[in-house]
Structure formats: C-alpha cells, structure tokens
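Data block below; observations after.
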Amino acid sequence: MTQAMEESVETFGDINLTLSMLNMEDNISKEDIYGHLTSVIQNSDILDDAIVQRLIYYASKDMRDNNILRETRMLAGEVLVSLAAHDFNSVMYEVQSNFRILELPDEFIVLALAELATSYVSQSIPFMMMTLLTMQTMLRLADEERMKGVFCLALEKFSKAIYKYVNHWRDFPYPRLDANRLSDKIFMLFRYIMEKWAPITSPVQTLAIIKAHGPTVSLLLHREDLCEYALDQVPWLLNQYKDKEIDFHITQSLKQILTAVVLYDTALPKDLRKTIFINLLNQVCRLPEPPVKENELEASSCFLILAHSNPADLVEFFDEQMRSNNETTRMGILTLLRSAINAEEPKLRDHITSIERTVKVVMSDLNIKVRNSTLLLIQTMCEKCYIEAREGWPLIDYIFSQFAMSNKNLEKPMKPNSLKDEKGEKSVREISLEVLKTLDPLVIGMPQVLWPRILTFVVPAEYTGTLDYLFNIIRSLIMAEERKKNDAKESTALVISTGAVKLPSPQQLLARLLVISILASLGKLRGAGAIGLLKILPEIIHPKLVDLWKTRFPELLQSLEGKNTSIILWETMLLQLLKESLWKISDVAWTIQLSQDFNEQMDSYSNISLEKKFLWKALGTTLASCQDKNFVSSQIKEFLIAPNQLGDQRQGITSILGYCAESHLDTVLKVLKTFQDREKFFMNRCKGLFSGKKSLTKTDVMVIYGAVALHAPKVQLLTRLDQDIVSQVLFLYGQCSQVLGMSVMSKDMDLQMSFTRSITEIGIAVLDAEDQGFKFSYKEVLLGYMLDFIRDEPLDSLASPVRWKALIAIRYLSKLNPQLSLNDHLNILEENIRRLLPLPPLEKLKDEGETDKDKEHINFLYERSMDALGRLLRTMMWDNVKAEDCQEMFNLLRMWLVSQKDWERERAFQITAKVLTNDIEAPENFKIGSLLGLLAPHSCDTLPTIRQAAASSTIGLFCIRGTHPEVERLQDLQGGLQCDDVQVQIKISSKIAKIVSKLIPTEEILMFLEETLDGLESLNPTCTHACGIWMITVLKEQGAALEEQLLEILSMIYHHMPVLRQKEESFQFMLKAISQIASFHMDAVVANLLQKPLPFDRDTKTLWKALAENTASSGKLLRALTDKLENELEDDLAGVEAIAVACAMYEVVSTGTPVTNLYPEVFTLLLKLVSCTLGQKMSTATWSRRRRVLQQGEQQQTADPCRLSTATLKCVQAQAMKEGLAKESDEGDNLWALLSSPSTHHVGVCALARSMAVWQYGLMLDIMEQLFSSLTSSSENYRITGTAFFSELMKEPILWKHGNLREVLILMDQSAWDSNATLRQMAIRGLGNTASGAPHKVKKHKQIILESIIRGLYHLARTEVVCESLKALKKILELLTDRDVSFYFKEIVLQTRTFFEDEQDDVRLTAIFLFENLASLTGRRWKIFFAEEIKKSMISFLLHLWDPNPKIGAACCDVLIICIPFLGLQELYGVLDHLLDGQDLPRARDFYRQFCVKLARKNQEILWILHTHSFTFFSSSWEMIRSAAVKLTDAIVLNLTNRYMQLLDKEQLTTRLQALRQDPCISVQRAAEAALQTLLRKCKETSILL
C-alpha cells in the first residue's frame, strides 16, 4: 500500500470518527470538531461521496440550529463552504433549498451564499440570477440590523463576483451569460438599500452599506445607462467622511470606484472631481488629528489613480492648495507629489514645469517639516529626471541653501533654540546631504542644470560640509565630458549656461582644493574628493599644469593606497606639488594672486583645524615661490604687524615665515630684525594681554626664529646660526626672564615652551645640515637650560608639557658636536629618569584634572613624556660605539625595572621597549645575556602593558644581535600576553623562551643566569615563576655547552641559596636548575657538591635531593656516586671524601631513587665503607671547615663516620625492601646499632645478610662477587665484615647451587684458625651454616671442618667462639654418622661437658643440645664411655631443669629422656613425663624426691654420684640452681641406704647447709633448713650421729 493510500485511509477513519461525534448532542465539543474538520477537508484532495453528503447534512443542520452557539454555527458554515471544493452542486443545492422566495432565511444561509460567490466565482455565476431574484423578495422582510448587514455583505460579495465575470468572462469555462441581467438585479437591490435603508441606518449598518458601495458602483459603471446613477451615489459616500473608524473603508470603496472609472474611461464631472480631490487631501492632511496610516496609504493610492486619469487638474489643484500657507497641507501635497513622481506615471511627466513651479512656491517657507519634505521631493525629482534646465537650477540651489541655513541656525541661532528646533535643523542638514549624496549629475538634463554653476559652491565656507558630495558631482560631470570629447557627434554637456554667474577663479579653486586635500591623509571622503578633482582640473587651473600633473598625480595618489597614510608625508608631497606647479607656471602675478586667495580663505577654517595649519604652510610655500621680493617683504611685514588676520597668530606667522624662509632667508631675517628694532619699546610678552591689541610678543618672535632655522636652506643656515638666530633667541628669552632688570628663572610655561620649541627646531636644523665639522658653541648652555626646566617640574603632577618638550630638545642637542662624555650622558639620563619615572600613577595624575578634557590632556602629556624619555635614552645609547658605555646607560633603568610599584615598572619597561626595538644597530660586542635575564621574566608581570613591553624588548634584544628569531610567531605569542589569566601568560612566556633560548650566546649564559637568580630573589610571584621557567628552558637548550662555566654557575647558585630558601617557589626553580645542569654534566656537579663540608648543611642536602628527584638523571646521579665511592675505597681505606659520597647517597636514595640496577655495587660499597669506618673518629678540622648555626630542634652532630655510613646503608636497604630486593631484618631497627658498633658489628652484618633476598640469586651472586675480595682484604675489619656476611649466606642452598661458595668455604676454614676471635667466630659460623646450604660439602670436607670447629672449643677466652663452635658442631654432626665422628667423639663429648655450667645461656643451651645429639653418635665403641659421661653430667641436667632460662630447662628435660636409656633407668620416664605434660613445672622438692625414690630403688650408685657432685652447685651464681641443688641433696639424703649413709660426710654437708641458711635468697635458706631437718631425721632413723 502506498503512502498516499495509507494517509487517505487514515483521513477517512478520522472523519468517520468525527461524524459519530457530531451525532451526539454535546454542543460544546462541536466547536473543536468543526475547527478540526475545516483543516482536514482543506488539506484533503479526495473525499468519499458518502462522507461528503453526511458532512453537508450535519454542517447545514448545525449552521441553521439557533440553539447552538454562534461561533459553532460559523464554523459549521465554514465546513459547508469548504465541502464545495469536493461537491459544489450538492452544497449549493443544500444552501438554495433553505433560501426560499418570500421567506426570510437564516443569516448563515446568506453568509454561506456570499462565501460561495467569493470562493467559487466560476461555479456560482450560473446560480447568481436565481440567488439575486430570491434575495430581491427578501429585502422587504428584513427588519433586524443583523439581517440587513448580512444582505449588504452578500450584495458586496455578489457585486465583486459579477464584476470579475464582466471583466474576465473569457476566462470562464462556459458560454457568455448576459451580464446586464445580473447587473440589473444588483442595481435594483442597491437602489432599494440606498433609498430605504441608507437614510435611516445605524453606524453599523452604514459601514456595511459603505463596504458594499464601492463594489456595487464599480459594477454599475460598466453600463452607460446606469453610469450616471452610479456617479450620483458617490457624493453620499464622500459625505460619510466623519468617523476615523470608517474612513478607511470609505477611501477603499472610493479607490474601487476610481479604478473602475479609469477602466471604463468614464469622465468624472468637474465638481465631483474637485470634491474627490478635497476629500482625499483631507484624508492625507487631516487636522487636528493625524490620519490613520492605512487610510492615508489608500488615499495616496487614489491620488496616483487620479494622476493617471487627470494629471493636469491634479497638478493645478496641488498648486492652488500649496499657496494656502498651511504647513500640513504643504507637507501632504509634497509627499503626494513625491509618491506620484516615484510611481513614474507617464502622463505626469508632461507637467514637469508646473511641478517645479509648485515646488518653488514653498521654497521660502521656513517651516522645518516643509523644508524637509521639499528636499525629499527635490531628491525624487532629480532621481526621476523631473528637473529641466530652464526652471531646475533654483531647486539645486535650494539644496545648498538649506544646508547653509541649517548650519547657520545651529551655530548662531536667531533666537534660543529649543531641543525640537535643534533636532529639526539637524534633520534638514542631514537630508540636504543625503540629497546631494544620491544626486546623479548625469541623468538627462542634469548636466545643463549644474554646469558650471555648481562650481560656485566650492569656495564659500558655508558650503564646506557639502564638499564630500559636491566634489563627486563635479568630478562626474568633468569625467563624463572627457569621455564625450572623443565623440564629435555628441554635443558637450558642459556648456556655459546663460545668465550672470560669478564663477571662482583658478587660483581660488586651487587654494580651496589644495587645502581640502590635506584631509585625504585622514581617510576623509572630502579630502579624497578634493585631490581627485584636482587631478582632472589642470586645464581649468592653468594650461601649463597638464603635463606636470599627469606625471606627478599617480605618485601622489599612490601614497594614499596604504591603510595608514602619514599626515606629514602627505603634507610634504602636497607642498612639493604646489612648489613645482608654481615653478611651472612661472607667473609672478598669478603667484601673487594665489597668495592673496590663500589669505582671503583664511577665515574658512577654524584655527585648530588641520586645513588651517596646512593653509599657513601653503601660503608660506607660495611666498617662497614668489620671485617678487618686495611683495614678499611687504607681506611678511603685514603679517608681523597685524598677525590677528591669520587666526592663531603665533602658529600662523610661524608657519608662514618658516616656509617662506626656504627661499627668502635673508629677507625674513632682515624683516624680523627690523621689526624687533622698531617695536622694541612696545613689544613685551604681556602687551597683548594688557592693551587689548593683538600683536606679537617676544615669545612669539622666539618661536619664529626656531621655525626659520628649521626651514632655512642648510648651506646658508650654519653661517648665520649663532649671531642672527641663536643669540637672538637667548636675548629674547633673557629679556622675558627679567624682573625689575634682574634675570630670574621664569616660571612662565608659555615662555619655557616657546624657548624649548625654538631650541629644538634649531637643533633639528643643525642636524639636518649634516656638517660634521660644525661645532655648536651654544650646546652646553642650552642643555643647561633644558635640564633646569626639567628639575623645576614638580614630582607629584604632570600638568605641564615642559618635561616632554625639554626631553625632545635634549635629544637633538645631544647629537650635535662637540660630543658629550660618558659621565655627561649618564648625568643627563639619570636626571631625566629621576624626574619622570617616580611620578604618581597615571590615574592619580589624571585625577588632578577637573574636566574630562583636562584628564585627556594629562594622559597625552604622560604618553608623550614617556616617549620622549625613551627616544632620548635610545639616542644616547646607540649613538655610542662602546658596548660598555651602552650597558652603563641602560643600567640606569635597572632599579626601576624591578621597582615594587607597578606604575614605575610599567614606565621603565615602556622606555626599555623603545630603546631595544625598531632596527637598532648596537655596538659589535654588546652583551644581551644580562638584559635578557632582567627583562624576559616580566612577560608575566601584573600589567598587560609591562608584559607586552617585556616581550617586545626580549625580541628586540635578539634583533640587535642580528639574529632574527621567528618574529611573526613571537609577535603572535606576544599578543596573547594581553590575557589576564596567569596560566596563559606562563604558557606563552614558556613558548617564547623555547624559541629564543637556543639563540643566546653561550658565553653570555652565565650573565643571564645571574640575572635570573637575582629575579628569583626579588620579583613578584608571577615574574618569579616566569624567571624560573626561562632559567630552566635556557639550561635545557644550552646546558651541554656550559662545561667551562660550570664551576662559576654552581658557585653563583650556591651564593643565592640562603636567600632563595626563604621563597619556596624560587628555591624549587633553583633546584631544578641544578638538576638540569647535572643532566648534562653529572660527574662535574657531583664532584663539586662533594666538596661541600661535612656534615652537609641543609642547603647541600636539598641540592642532593633535588638532583635525585629529577627522574631523567637520578640513575646517572647514583651511578656517578657509586663510581666515586668505589674509587675512594679502592685501598680499603675510607677518607672524608668517601664519607661525603655516603652522605650524598643517603640524600639521593632517601628521595625514593630506584636502586635496583646498582644495588649490588651500592650495597657492597656501603657495607665496605661501614666496615672501614668502624670505630673511626675524625678530627673537627677534617670534619667541617666552617661553623654552622644550628636550626631550631637540630642537635649537634658528632663526628662519627661509621654512623653516617650506616645511615646511608640503612636508607639503601629500606629502598631495596620497597623494590623487593631485600626483606625486613629479624633484628629490626636494632640492626643498624649493631652494625655501627665495633663490638657488635659482626652480629649486625649477619643480621643484614639474613635480610637479603636470596631468592633473587642473580642479584645475590653480584653481591657475593663484589664482596668476595673482603675475605682476603688487608683490613681486618673488612675481613670480619665479609666473613660474617658470607657466614650467613653459606646456609642458602640456592646460592651454593648458582654461586661459587667452595672458595669461600676454603677461606672460611682458614679464617677459623685466625687469631682474631670475631673472625674465627664468623668463620666457624660459616662452616656450621654450610651444613644447611651444602650438606654434601660437609660430608666431603668433614675432617677439615670438624678440626677447625673443634679447635674453637678450646678458645675459652672468648665464649662466643666456643658457642659458635658448639652450634656449628651441632649442625655438622646432624649430617654425619657415628663412624664419621668416631675419631673426634670422645674429645667432643669431653669438651661439650665443660660448658654445661657456663655463665652464658647460649653456651649452656648449645652444649646441652650438642650433648643430646651426641647420644645418637655413640656407636658401640663409645657407648659405655658415653654412659659414664652421662652419670657425671646428670647432676647438671637435673639442676638446670630449673635454670633461669626456660629453654635450658626444656633442653635438660629432653637430654634426660635421651640419656636415661644409656643407664638402664627407663623407670624414671614416669617422673620425667610430668615435665613434658604441658602443665606447670612441679615443685622442685617434689620432683627430686620422686626422682630419687625411683633412682634409689634402681641404682643407689648413681644416686651417690649425684650427691658427690651436688656440693659444687651450692656456690652457683644462680639462686634457682643453688636452691635446686639443696632440694636435690635433701631428696638424695632422704633416699640413701644405710650403706651410703655411712659414707656420707655429714659434717661437711651440715657445714655447707648451715652456710646456705645464711644465703641472701629466702628460697635457698628454706631449702637448706629443710635439708638439715631431713639429714637430722635420716641420721636418727639410721642411728648415725652427726
């Protein structure tokens, strides 16, 4: 199914749904339904017939239902009319069926018929006769106003439909019908309404009749027989003009009638025509109320129709009405005329002269609105060629006269102007200019009107404002004539019109156009028009100028093509053109006349205008070109005597005489001297003020002398300078400075300014002479005057331009010979800088101004003063050939460039930018490094002006050196510094630094860095940041080439560190700089830092850390330190240098520097250093070469190299643990105390070895390789360190597997015989640990190992050696069989037993463990021997069950269990089990009694042996052992048989027990007391006497 079909189905469904809703009785919702239906029906192309019929039924029914809302009925009617598009006949049938003869229909039936006639004209016309006949029978039945209105509306619609048919019947699709029959019916209906209803209707009914009136009358006019009747009805229509609300409809109907009149060429009666004119004019010029806009437009349209049909009558009517002096009427007619002319009605063009005369009627009207309307009409007449030669010129003249009048009224009003009048005059002026702007001088007839009379407006001053367009008009006319000259058939347009016209002379035209041309440099249209007009007027000006101007004008105009044309250059070119033109003309009389015309036009311009200033110069140039010296002299005298004729007398006379002196120097000086002599008595500087007479003063004459010198021919000037010019100026200044005949420093600003100006111009003139041999004798004197002026200026205000002008004078004087010395230059510059830069901020200076103009003036002076100072410094600096002198002069700005006051910095940088930019030629060896470091960081200063100036200066520095970086890119970046976002500024400054840093000469880097370090100390935060960025960037780019300057750079950085530490950000940048240098020269930086005294101070530590934190070079740093340390420890001796390296390593590694790659080397070297410094002390002189102030909380450090070395090793190990290269030591932090103490060093080394990550055997093999040499080192400490370290590694199987520990084992065996006890101990430990690491090696080398270890058992002076031997034996014996140890068994057992009572817990414990192990190695050979040794040792085992060390007690229990079987005493297991059941130990007394009871039953001999050995323990140093010995004795005595009781030495026992009763330990006392009682009781029982 297509999309169209789908939409159709959807539409049908929608309508069906709607129909079902229409069948409901809900009247409220039907309004929405019919609104929706209208949209659907109008947008549907095809509807089903059944649906259409149903819709017609419902719509018709609801439309006629009086119970339904009126709005709903109207919508239903709209639906019904819309359905006619689908089935017109059905709709018409439905409507006609309810439109019956002699029966008043429903109003909506009538409305539906009217709408059908309007919307479906073609289909309705065939039904029209029947409709009109029926309607004719109904009019009499209509009584209500509403029905009458409906019938009038129907008449209107029916008339329009029939009118359309009458005029376009050929376009209808059926044969022509008899239109007269239809119009007859319309006539009857209209006549009935006009006769019956019109006279007595209400306003509403009248409006309905008015709307029907126009269409009906228009229809009737096509019938000659009805035409008269129709026109007779028009007066009724015109009489209805009463109410503004219906006027529009009246005019609309009238317009329809007038259109029909034209269409049917019907003649309007004269009276009716005039009535129509008057009524329509009233609609346009309605008073007192303004007309409705719509009505006014309709009325205007009616006038256009009348202009077509009756132009003569209309123009005559307008002329008649125009003479009424009524403002509104005149404005209305002028507007209507303008509209008619714009409509380009052909018939109206025949009445141009009449229209021009009509316009002239109002030219004398002073009403502003009338003047505006007249100007607009003239504009339209010019555009549409309604100007003719005979009558047209007054209209053109009117345009200019209105401009001049409005200007005059605005400038000098006859009476006080109201705001309304002022606006009106401005509008007249604007419209006048607009008319001239749009005026086309080449339209038909216009050239004859304009030429040559248009030239009369060029010279008069009152028309100056029109020159923009006037020049274009004249130029167009002349150029058009030039084009026509080549066509002889065409007559020239530029013929001189008849009549007396006073045209301007050629000199007047030249003077006027030349002066106006100066404005072309400002881009003003008037100036461009003037120069363009001059270009095409050479024949009119003077025939001799044609060839000259043809060659000169292209060059002249070319200078205007740029965007910014220099006024001075343009002025010079115009004056040169004038000079050459006058030379070409070579006519004295002509030149004299030109000068007089210049003089006459003097009042045409204001004194401050650019034109006036140029006119003076042009007049002076004209006089200079005049060959008549008498005339020149007389003119000069006249100007000197009566200068007021020039306007601004000083500027005027100065310019004229200055330019005149170019050719008449002698004449000018002579006349000046004569004037001075003649006026000496009268002339003083206040004369004009007091006498009221405007004449020259001495000050004026001073200025004239300066101008004369400036323009004088240079060849003549120098010979007359001192005597005739400078001396005169000084004389006049001295005269003006006298008070009561005494010379004083004048405070007269005008005098100072005039004197300064004169001196400046004299200086410029001498420079321009370019005579190197000329010595200006007044140079020093004049410089003194200028400096005095500057010194006298206040330091808190800037209201006077004296500073500015004096600076300019000094600049030019300083260039003259004789040359100034460096000190003179410095003094002059310093004086000027000190008098200008400290001024208050510009805004504060401007606050002194009372008005905005004052503030602008102060701002102007400020800018000019700063510019002058910059130019002065620039001149003095770069005119010097010595680079050192230039640097000295620039250094005067340094303190201001870093001032804490923003405004002072801003000024200094603006001056600096002027000094360093714009194509400077500096001395060959001028250094830029220091200046760059000073200026560049300020590209991020607080003020955008400083940032811009700093960037410009930075770029300029490189241009000075002849290296031109990417200037365009840098300038683009510089523009971005206007942004106030600090981050953006930093980013841009960084980019600039990257571009230019590579261009800095290497030899100047040091100066640059020194300056930036100073900046880091003193600048504000943003500049400091930029300072750091520039420093780092330069070091990145040029760091590789700084090797020769490295020591100086580092020394400089160290010097700044104490201050920079106080500024965190600056300090960080300084650290980055060190890191950057180190990335290129790591070894040199490391060597330099290592020379710092020990212990390192805070700054040195920070430097090491900074180097380490640079990830790019931290690896290189650690490598450099490692190599350095390796060199220092090459001879196994540690000096201060090695300690320094260790301290440096500590700082480096403590920052988290990875040690993985260098860990084996670093670890072994540091361990070696710890070993070599063990117990070492350094003298204070060696330790530190300077005294140091301790920081708060910092303690005085002792000179302990080993402690420092250990701290570094600790730091390395901590980092190694983070990297998985080591593990936590079992000793914890105690490891490092052990390591650094000589007595426990070997213990610490062992603990350190145990913390190694042995699973990383590759790493461990490297460490072992590095440390292997320690085993044979000449340093005993280092041998101990190495042996201790390896002793722990010997127990690691993985290291035996991958490493070469066999050689280590051999060296261990050798060391086990060393005289050094610690070394022996460690060697024995290593041998013992071999049992864990390489059991097969133990078995292979058992004899060597056993001998070395057993020998250690005899080192009774050092129990640690013995203990280590016992431990080693225990480990070794676990791997051997009884056969393997048979030879050494007895010796081992005997030596082991000797240590059961050793004072050292570890020795006792190890000995007991070893004895326990020996039990398994007895074999048959040594079983009896071992049993005997058990009997001897049992007393120790039993007593040490209660050893102070619980481990020993447990070990004794274990060994007893192992050894009892050797004695056949298995019955004792039961007693011993109590010791192993996990419960608390039983009381010693109970245990011993139980044990002895069992033992006495089994073996009294062993019991007796225990007794014999117990006495030894009564004096044991351990209380618990003494107590246990007494308790065991108690139990033994209690269980001895009579036989052994007889053998008992009772006296000795009693004595010993008595002594123990005095033991300090209570437990021992009680045990001794109990034992005595037991002995007494036993003796009694056995009847033995004590």
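Which entries in Lys1431/Lys1498; Lys1036/Lys1210; Lys408/Lys437; Lys1432/Lys1498; Lys535/Lys612; Lys1223/Lys1339 show an alpha-carbon gap greater than 25 Å? Violating the 25 Å limit, Cα to Cα: Lys1036/Lys1210; Lys1223/Lys1339. Dividing the mean sequence gap of close Cα pairs (under 8 Å, 6+ apart) by how many residues region 605-674 holds gives a relative contact order of 39 percent. Each label point was placed 7 Å from the Cα along the Cα-to-Cβ direction; for Thr1151 and Met479 their separation is 7.6 nm. When only the Cβ of Lys, Arg, Asp and Glu is charged (+1, +1, -1, -1), the dipole of the chain relative to its Cα centre reaches about 3640 debye. Placing +1 on the Cβ of every Lys and Arg and -1 on the Cβ of every Asp and Glu, with nothing else charged, gives region 164-307 a dipole about its Cα centre of roughly 160 debye. In the chain, helices alone account for a calculated mean residue ellipticity at 222 nm of -22000 deg cm²/dmol, with every DSSP H run of four or more residues adding -39,500 (n - 2.57).
Let me know the shape class of region 1255-1354, please: from the alpha-carbon gyration tensor, a ≥ b ≥ c as square roots of the eigenvalues, rounded when a/c is under 1.5, otherwise prolate if a/b is greater than b/c, or oblate. Since a/c reaches 1.5 but b/c is at least a/b, the shape of region 1255-1354 is classed as oblate. Across region 825-983, the relative contact order, built from alpha-carbon pairs under 8 Å that are at least six residues apart, equals 20 percent. The radius of gyration of the Cα set in region 1013-1116, together with its Dmax, comes out at 12.9, 36 angstrom. With 0.36 nm allotted per residue and the present C-alpha distance subtracted, the Asn1230-Asn859 stretch has 125.9 nm of extension available. Here Lys637 and Ser505 are evaluated by their C-beta separation; at R0 = 41 Å the FRET efficiency comes out at 0.95.
For region 542-608, the number of Lys pairs separated by eight or more positions or lying on different chains, with C-alpha atoms closer than 18 Å, is 4. In this view, the solvent-accessible surface of Ile1077, computed with a 1.4 Å probe and all protein chains in place, comes to about 0 Å². Ranked from largest, the principal axis spans of the Cα set of the chain equal 190, 123, 61 Å. With both labels modelled 7 Å from their Cα along Cα-to-Cβ, the Val546 to Ser1517 distance reads 14.3 nm. Rounded to the nearest 20, the size of the Cβ-charge dipole of region 610-652 about its Cα centre is 120 debye, with Lys and Arg at +1 and Asp and Glu at -1. Give the carbon-plus-sulfur fraction of the accessible surface of the chain in %, rounded to a whole number; probe 1.4 Å, heavy atoms of protein chains only. About 50 percent, which is the carbon plus sulfur part of the accessible surface. Near Gln635, once Lys and Arg are set to +1 and Asp and Glu to -1 for all other residues with Cβ below 11 Å from its Cβ, the sum equals 0. Where in region 927-962 is the amide nitrogen less than 16 Å from a point lying 7 Å along the Cα-to-Cβ axis of Gln978? Inside the label zone: 943-952. Counting only residues at least eight positions apart within a chain, or on another chain, the aspartates and glutamates with an alpha carbon under 17 Å from that of Lys157 are Glu78, Glu107, Glu115, Asp184. With each label modelled as a point 7 angstrom along the Cα→C-beta vector, the Ile101-Arg1061 pair spans 12.9 nm. Go through Ala161, Gly532, Met702 and say which Cα lies farthest out towards the positive end of the charge dipole of the chain; charges sit on Cβ, +1 for Lys and Arg, -1 for Asp and Glu. Working it through, the farthest residue towards the positive pole turns out to be Met702. Pick out, from Leu1050, Leu665, Phe1285, the residue whose Cα sits farthest towards the positive end of the charge dipole of the chain, with +1 on the Cβ of Lys and Arg and -1 on the Cβ of Asp and Glu. Toward the positive end, the furthest listed residue is Phe1285.
Note down the Stokes-Einstein diffusion coefficient of region 516-621 in µm²/s, whole number, using a Kirkwood radius over alpha carbon pairs, 25 °C, and 0.890 mPa s. My calculation gives 172 µm²/s for D. In plain terms, the chain from Trp1313 to Thr1002 could stretch by 105.4 nm, reckoned as 0.36 nm per residue minus the Cα-Cα distance. Only protein heavy atoms count here; under a 1.4 Å probe, Trp1504 has an accessible surface of about 50 Å². Given R₀ = 41 Å, what would the calculated FRET efficiency be for Tyr93 paired with Ala267, taking r from the Cβ atoms and rounding to 0.05? It comes out at approximately 0.35. Computed from backbone phi with θ = phi - 60° and the Karplus coefficients 6.51, -1.76 and 1.60, the 3J(HN,Hα) list for region 215-226 is x, 6, 4, 4, 5, 5, 5, 7, 9, 4, 6, 9 Hz; x is used for glycine and proline. Within region 1194-1278, the proportion of Cα pairs with more than 21 Å between them is 35 percent. Can you give the FRET efficiency for Val967 and Thr438, using 1/(1 + (r/R0)^6), R0 = 56 Å, r = Cβ-Cβ distance, to the nearest 0.05? The value I calculate is 0.70.
Computed over protein heavy atoms with a 1.4 angstrom probe, the accessible surface ordering of His542, His1507, largest first, is His542, His1507. Identify all aspartates and glutamates with a Cα-Cα distance to Lys1337 below 19 Å; exclude those on the same chain that are fewer than 8 residues away in sequence. Within reach: Glu1288, Glu1292, Glu1303, Asp1309, Glu1347, Glu1374, Asp1378, Asp1380.
Across the cross-link table entries Lys412/Lys617; Lys61/Lys196; Lys1072/Lys1101, which are compared at the Cα atoms, the separations over 26 Å belong to Lys412/Lys617; Lys61/Lys196.
Relative contact order for region 830-914: what is it in percent, counting Cα pairs under 8 Å that are at least 6 residues apart? Worked out over region 830-914, it gives 35 percent. Here's the list of aspartates and glutamates a cross-link from Lys1124 could span, going by alpha-carbon distance under 18 Å and ignoring same-chain residues fewer than 8 apart: Asp1083, Asp1132, Glu1137, Glu1147, Glu1161. Projecting the Cα positions of Leu268, Met363, Leu1543 onto the charge dipole of the chain (unit charges on Cβ atoms of Lys, Arg, Asp and Glu, taken about the Cα centre) puts Leu1543 furthest along the positive direction. Solvent-accessible area of Ser1114, all protein chains in place: 10 Å² (probe radius 1.4 Å, heavy atoms, ligands and nucleic acids excluded).
A 1.4 Å probe run over region 119-190, with the rest of the protein chains in place, finds 47 Å² accessible per residue. Pairs Lys1371/Lys1527; Lys1494/Lys1546; Lys30/Lys211; Lys779/Lys844: which exceed 29 Å Cα-Cα? Those over the limit are Lys1371/Lys1527; Lys30/Lys211; Lys779/Lys844. Residue separation of Met602 and Lys244 scaled by 0.36 nm, minus their Cα-Cα distance, works out to 122.9 nm of gained length.
The values are calculated or read from the model by the stated rules, or taken from the named source; none is laboratory data. Just so it is clear, the model here is predicted, and its values are computed rather than measured. Every residue, glycine as well, gets a Cβ built from its backbone with ideal geometry; the counts of neighbours run over all protein chains shown. All accessible areas refer to the heavy atoms of the entire protein, side chains included, with ligands and DNA or RNA removed. Shrake-Rupley method; radii C 1.70, N 1.55, O 1.52, S 1.80 Å.
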